[in-house]
Amino acid sequence: MSDSLSIDDLFDRRLDFPDMGAARRLARLVGIDEAKTRLTKVLGVLVNPAGPREWAEKHHKDASIALDYLERRPPLVILAGDVGTGKTALSETVGDAVARQEKIGVTLYPLSLATRGSGKVGEMTRLLSAAFDATLLAAEKLKRSSGKASGGIIFLVDEADAVTQSRESAQMHHEDRAGVNAFIRGVDRLAEKQLPVAVVLCTNRLSAIDPAVQRRAAEIFDFDRPGDKQRRAVIEDPLTELGFDKTQIDHIVKLTGGEKDAVGYTFSDLTQRLLPTLILDAYPDRPVRFERAVEIIHAMKATPRFRDGKAT
Ligand SMILES: Nc1ncnc2c1ncn2[C@@H]1O[C@H](COP(=O)(O)OP(=O)(O)OP(=O)(O)O)[C@@H](O)[C@H]1O
Ligand SMILES: [Mg+2]
């Protein structure tokens, strides 16, 4: 890689919100309404601090201390939890809800996987610093002197473990430690300058994220496998369309929750494996049938749970 890194080298395709495609993807994430709403608010006030000020002007004219605490929160949010639970899908599309709520343009900057570096000494640090520099520059252009930003940025670090794993880890190479430091420095610089940027980290292993990074998180969102209600929310409509009745859907909700000690299905097990498998099994010359669905579920195993680096 050459010395001069362009913004296109550092980030995957940037996406501007509002965006109809993202809105549709976001709407299709069901059963996680609370996380959606809360994350939209948290990111909303980070990329548009003028929002809460306008709100206070209307409802709490004297609330300057409480508002100050809100504004001083670090611009970092962590989405942590099991595989296939919607962390990536939500973080890539929530910008649409933020843009609509705050009535400003929001752009997603997804840190490129290539940016994680080739492992050469100094590489990760250099790339991370360059990514934060580029974001800072773009954000400064958005910040107006009046305080109301003309737009906001979501800086997304998906699969963050490699970038921000704990510096305490014994096997950790010196270079990786420098990478974590570059990340912390980047977040602190954004906070100091009060720029309209929110950093979102996604990880399977919260425990592996450096404590100094965790401490900087304004909020940590925990993602878990879907419970009965959430699995029903995902499969009810598609199975009804395929001709299943309520009792049959109840049965499938129960079966996909895991029998005996088995773990239940993840969201992605339902959407990317089970539903397509039911169709492909029947295609091209039979309709989808309940009895066959039960056989398929018995034969299909849920994705193993992800626990601190080991699939169990
Ligand atoms: N709440 C949900 N409702 C409907 N579908 C969902 C939901 N969560 C996840 N999915 C489906 O599962 C797929 C995988 O989700 P996603 O990639 O966001 O998981 P993840 O939490 O990032 O997993 P990993 O930790 O393995 O990266 C999504 O594309 C979507 O089809
Ligand atoms: Mg993911």
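Summary of computed values
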| read-out | value |
| --- | --- |
| Whole-Hz ³J(HN,Hα) from phi, Karplus 6.51 cos²θ - 1.76 cosθ + 1.60, for the range 148-157, glycine and proline x | 7, 6, 8, x, x, 10, 10, 9, 9, 10 |
| Partner aspartates and glutamates for residue 246 [C-alpha distance under 18 Å; skip if fewer than 8 residues away on the same chain] | 228, 236, 237, 291 |
| Alpha-carbon radius of gyration plus Dmax, which is the widest Cα pair, for the range 7-223 in Å | 16.8, 54 |
| Check: the chain dipole with +1 on Lys, Arg Cβ and -1 on Asp, Glu Cβ, in debye | 480 |
| Label-to-label distance, nm, for residues given as residue 294 and residue 20 (7 Å Cα→Cβ offset) | 4.3 |
| Within the accessible area of the chain (1.4 Å probe), percent carbon and sulfur | 52 |
| For the chain, share of DSSP beta bridges that run antiparallel, in % to the nearest 5 | 25 |
| Of the DSSP H helices in the chain, those whose Cα atoms cover at least 18 Å axially and whose Kyte score averages -1.0 or more | 33-47, 87-102, 123-142, 174-192 |
| Separation in nanometres of the label points that stand 7 Å from Cα toward Cβ, at residue 150 and residue 301 | 5.6 |
| Residues with amide H under 5 Å from that of residue 209, placed H, sequence gap 5 or more | 166 |
| Residue with peak Gaussian network fluctuation, the chain [Cα springs, cutoff 10 Å], from 205, 28, 216 | 28 |
| Amide hydrogen neighbours beyond the local backbone of residue 105, cut-off 5 Å, H modeled | 152 |
| Using distinct alpha-carbon pairs, which all enter the 1/r mean, Kirkwood radius of the range 228-307 in Å | 12.8 |
| Residue among 48, 27, 79 farthest towards the positive dipole end of the range 1-98, charges placed on Cβ | 27 |
| Contour minus Cα-Cα distance for residue 133 and residue 192 (0.36 nm per residue) | 19.9 nm |
| Amide proton proximity set for residue 112, modelled H, under 5 Å, gap of 5+ | 11, 12 |
| Accessible area in square angstrom per residue, the chain, 1.4 angstrom probe | 52 |
| Relative contact order for the chain, counting Cα pairs under 8 Å that sit 6 or more residues apart, in percent | 24 |
| Peptide ranges 193-201, 277-285, 102-110 listed from the most packed, as the mean C-beta count within 10 angstrom indicates | 193-201, 102-110, 277-285 |
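The values are calculated or read from the model by the stated rules, or taken from the named source; none is laboratory data. Just so you know, these numbers come straight off a predicted model, no measurement behind them. With ideal geometry, Cβ positions are generated from the backbone for all residues, glycine too; neighbour counts draw on all protein chains shown. Ligands, DNA and RNA are stripped out before the accessible areas are found, and what is left, the full protein with its side chains, is counted by its heavy atoms. Shrake-Rupley method; radii C 1.70, N 1.55, O 1.52, S 1.80 Å.
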